[in-house]
Amino acid sequence: MSNILVLKSSVLQDASASNELVDRTVAHLKAQDSRARIITRDLAADPIPHLAPDSAAVVRGAVPSNSAQVAALRLADDLVAEIKGSDVIVIGAPMYNFGIPSTLKSWFDYVLRAGVTFSYGEAGPEGLVKGKRAIVILSRGGLYSEGPAKPMDSQEPHLKTMLGFIGITDVTFVRAEKLGFGPEHREQALHSARFQIEEAVNRQVAQAA
Ligand SMILES: Cc1cc2nc3c(=O)[nH]c(=O)nc-3n(C[C@H](O)[C@H](O)[C@H](O)COP(=O)(O)O)c2cc1C
């Protein structure tokens, strides 16, 4: 039985490409393991607050000294427990202004914690969240995997860096691109992404066996 952590971050709710593709990914994973336990966080519907002085203090290791800090540490610990307890992480990440939604960035701001999810040793930083696989759905209006806009992609490299920094290096990116180029391109992009998801899940199941 596997534990699946699902993060959604689109503000478009039912019209969201990434939400649809995340649901599809989870359905495929569930079809392979009907007893899989799933924790879902919709970060657009139920946002994690941006870091503020109290939350930043405890995320950076301070002992809580007021109720706001106690609550922030509880949230940070819950989020870390969810990722550490998972086998597979499915992330829906739309591109907003060339990067990820700020709500998803907030999740990372609470989860990347020195001494908890990464450490600094003599060999440099080491990720402490090991043995996980991630499937990341990238939805974008434009084309960034190739062509002139490629250098503007601050979404995929940023996610790869943050996940890798905490030790999650087995990451499959599923790209739904050119979603804003009209209905035909959108349908093609979704079709291609659905195929990529099938491949990613089959690979994940073969590796887990
Ligand atoms: C606030 C906002 C900013 C966006 N910025 C970009 C952008 O920088 N580049 C791009 O290609 N598409 C951009 N888009 C388009 C989205 O990436 C596209 O609509 C995608 O489908 C969103 O994913 P979703 O359908 O899962 O919500 C933006 C959309 C929104 C709502």
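The label point for Thr169 and the one for Asn66, both projected 7 Å from the Cα toward the Cβ, are 4.2 nm apart. Looking at region 33-153, the DSSP beta bridges with both ends there are about 40 percent antiparallel. Out of all DSSP beta bridges in the chain, what portion is antiparallel? Express it as a percent rounded to 5. If we restrict to bridges inside the chain, about 15 percent are antiparallel. Take the Cα of Gln188, step 7 Å toward its Cβ, do the same at Asp14, and the gap between the two points is 2.9 nm.
Return the carbon/sulfur percentage of the accessible area of region 17-91, one whole number, probe 1.4 Å, all protein chains in place. Working shown, then result.
Working: 2030 of 3890 Å².
The C+S portion of the solvent-accessible surface of region 17-91 is 52 percent.
Multiplying the residue separation of Ala31 and Gln207 by 0.36 nm and removing their Cα-Cα distance gives an extension gain of 61.8 nm. Per residue, the solvent-accessible area of region 1-132 (1.4 Å probe, heavy atoms of protein chains only, all protein chains present) comes to 50 Å².
Can you tell me the dipole magnitude for region 31-91 around its Cα centre, using point charges on the Cβ only (Lys, Arg +1; Asp, Glu -1), in Debye to the nearest 20?
On the way: 6 positive and 8 negative charges, 23 e Å.
About 100 debye.
Dipole magnitude for the chain: computed about the Cα centre from +1 point charges on Lys and Arg Cβ and -1 point charges on Asp and Glu Cβ, it is near 200 debye. The share of accessible area on region 153-195 that comes from carbon and sulfur is 55 percent, using a 1.4 angstrom probe. Taken along the Cα-to-beta-carbon direction at a fixed 7 Å, the label points for Ser102 and Ala45 span 2.2 nm. Calculated mean residue ellipticity, 222 nm, the chain: -13500 deg cm²/dmol, from DSSP H runs (n ≥ 4) at -39500 (n - 2.57) each, averaged per residue and rounded to 500. Positive-end ranking of Ser16, Ala36, Ser65 along the dipole of region 1-90, with charges on Cβ about the Cα centre, is headed by Ala36. Computed with a 1.4 Å probe on the full set of protein chains, the accessible area for Arg24 sits at about 90 Å². For region 63-127, the dipole from Cβ point charges (+1 on Lys and Arg, -1 on Asp and Glu) about the Cα centre works out to 200 debye, to the nearest 20.
The values are calculated or read from the model by the stated rules, or taken from the named source; none is laboratory data. Keep in mind that this is a model prediction, so the values were computed, not measured. Don't worry about glycine lacking a Cβ; one is built from the backbone with ideal geometry, like all the others, and counts go over all protein chains shown. We work out accessible area using only protein heavy atoms, side chains counted, and drop any ligands, DNA or RNA first. Shrake-Rupley method; radii C 1.70, N 1.55, O 1.52, S 1.80 Å.
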